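Engineer: Sharing a structure below in structure tokens format, with a few things to ask.
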Amino acid sequence: MKMKDFIQLLILTVVFSSVLILLRLYVFMPVIIKGHSMDPTLVPNERVIALKKQPIERFDIVTFAAPDQIRTNYVKRVIGLPGDTIVYKGDQLYVNGKAAREPYLEKYKNTYHDEDLPFTEDFSLETLFGTARVPPGKIFVLGDNRRISKDSRLFGFIDEAAVSGNVKFAFWPLERIGTP
């Protein structure tokens, strides 16, 4: 290999590496799923890509710093946006007084149906926190595996600014590749 070819390869490698580092710092982040709180949508040890600085919409899956554990991130589904009222009654979600479909739960609800135990216990923001609405600048999150998920019902609202990424793509294991 000539010196000229080596220098060109070195420059190409440095530029490519720099672009990847910048993308990782400002555009996306890889996330490894821990625990079962998002079953069956996301499973333990699944690898996903979360996009940074994305607008947050209802039913997005987001990652954020755990409010109750240092150096831990949680992955949960956004159920309530600022100003929303949230009520769960008879295993049905009501957002702003209207029934909301949760198709991502149907398979799990049917698999773990128990007439004595609802999939999601009844609650409202008022009974949990004494407020009827999600406060400005906050979101309300739940795990898809409602029976075991540690989520806003336990640790409260999440600051929108605390959301570090919006999960958009699963890439490992290969049989689960695609959008969650």
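None of the figures in this text is laboratory data; all of them are computed from the coordinates on show. On a predicted model such as this, the values are computed, not experimentally measured, just so you know. Note that we place each Cβ from the backbone using ideal geometry, even for glycine, and neighbour counts take in every protein chain shown.
Engineer: Which trypsin sites (Lys or Arg not before Pro) in the range 94-169 pass both tests, a DSSP loop state and at most 13 other beta-carbon atoms within 10 Å?
Structural biologist: Of the trypsin sites (Lys or Arg not before Pro), the ones in loops of the range 94-169 whose Cβ has at most 13 other Cβ atoms within 10 Å are Arg101.
Engineer: Which is the longest run of the chain containing none of the chymotrypsin sites (Phe, Trp or Tyr not before Pro) found in DSSP loop states (not H, G, I, E, B) with at most 15 other C-beta atoms within 10 Å?
Structural biologist: The segment 113-180 is the longest one with no such site.
Engineer: Moving on to the next point. Counting alpha carbon pairs within less than 8 Å and at least 6 residues apart, what relative contact order, in whole percent, applies to the range 1-78?
Structural biologist: Computed value for the range 1-78: 21 percent relative contact order.
Engineer: Near Lys53, which lysines are there with a Cα under 26 Å away, not counting those fewer than 8 places off in the same chain?
Structural biologist: Lys34, Lys76, Lys138, Lys150, Lys168
Engineer: Taking only C-alpha pairs under 8 Å that are 6+ residues apart, what is the relative contact order of the chain in percent?
Structural biologist: So the answer I get is 26 percent.
Engineer: Counting other Cβ atoms within 10 Å of each Cβ, which trypsin sites (Lys or Arg not before Pro) in the range 29-92 have at most 16 and sit in a DSSP loop?
Structural biologist: Lys34, Lys52, Lys53, Arg58, Arg71
Engineer: Before rounding to the nearest 500, sum -39500 (n - 2.57) across all DSSP H runs of length at least 4 in the chain and divide by the residue total; then give [θ] at 222 nm in deg cm²/dmol.
Structural biologist: For the chain, the value works out to -6500 deg cm²/dmol.
Engineer: Right, something else. Using 7 Å Cα-to-Cβ label points, what is the Val27/Asp68 separation (nm, one decimal)?
Structural biologist: 3.7 nm
Engineer: Give me the angle, in degrees from 0 to 90, between the Cα long axis of helix 3-26 and the longest principal axis of the Cα atoms of the chain, rounded to the nearest 10.
Structural biologist: Between helix and principal axis, roughly 10 degrees.
Engineer: Next up: Round to the nearest 0.05 the FRET efficiency obtained for Thr127 and Arg47 when R0 = 30 Å and r is the Cβ-Cβ distance.
Structural biologist: Result of the calculation: an efficiency of 0.20.
Engineer: Bin width 5 Å, alpha-carbon pairs only: give the P(r) of the range 40-180 as whole percents, running from 0 to the bin holding the largest distance.
Structural biologist: Reading the bins upward from 0: 2, 9, 19, 22, 22, 15, 8, 2, 0.
Engineer: Taking the beta-carbon count within 10 Å as an exposure proxy, list Ser164, Ser18 from fewest neighbours to most.
Structural biologist: Ser18, Ser164
Engineer: While we're on this one: Under the rule that an exposed site lies in a DSSP loop and has at most 10 other Cβ atoms within 10 Å, name the longest stretch of the chain with no GluC sites (Glu not before Pro) of that kind, not counting the sites themselves.
Structural biologist: No qualifying site falls inside 116-180, the longest such stretch.
Engineer: Under a Cβ-Cβ cut-off of 15 Å, what is the net charge of the residues other than Leu128 that fall near it, where Lys and Arg count +1 and Asp and Glu count -1?
Structural biologist: Local net charge: +1.
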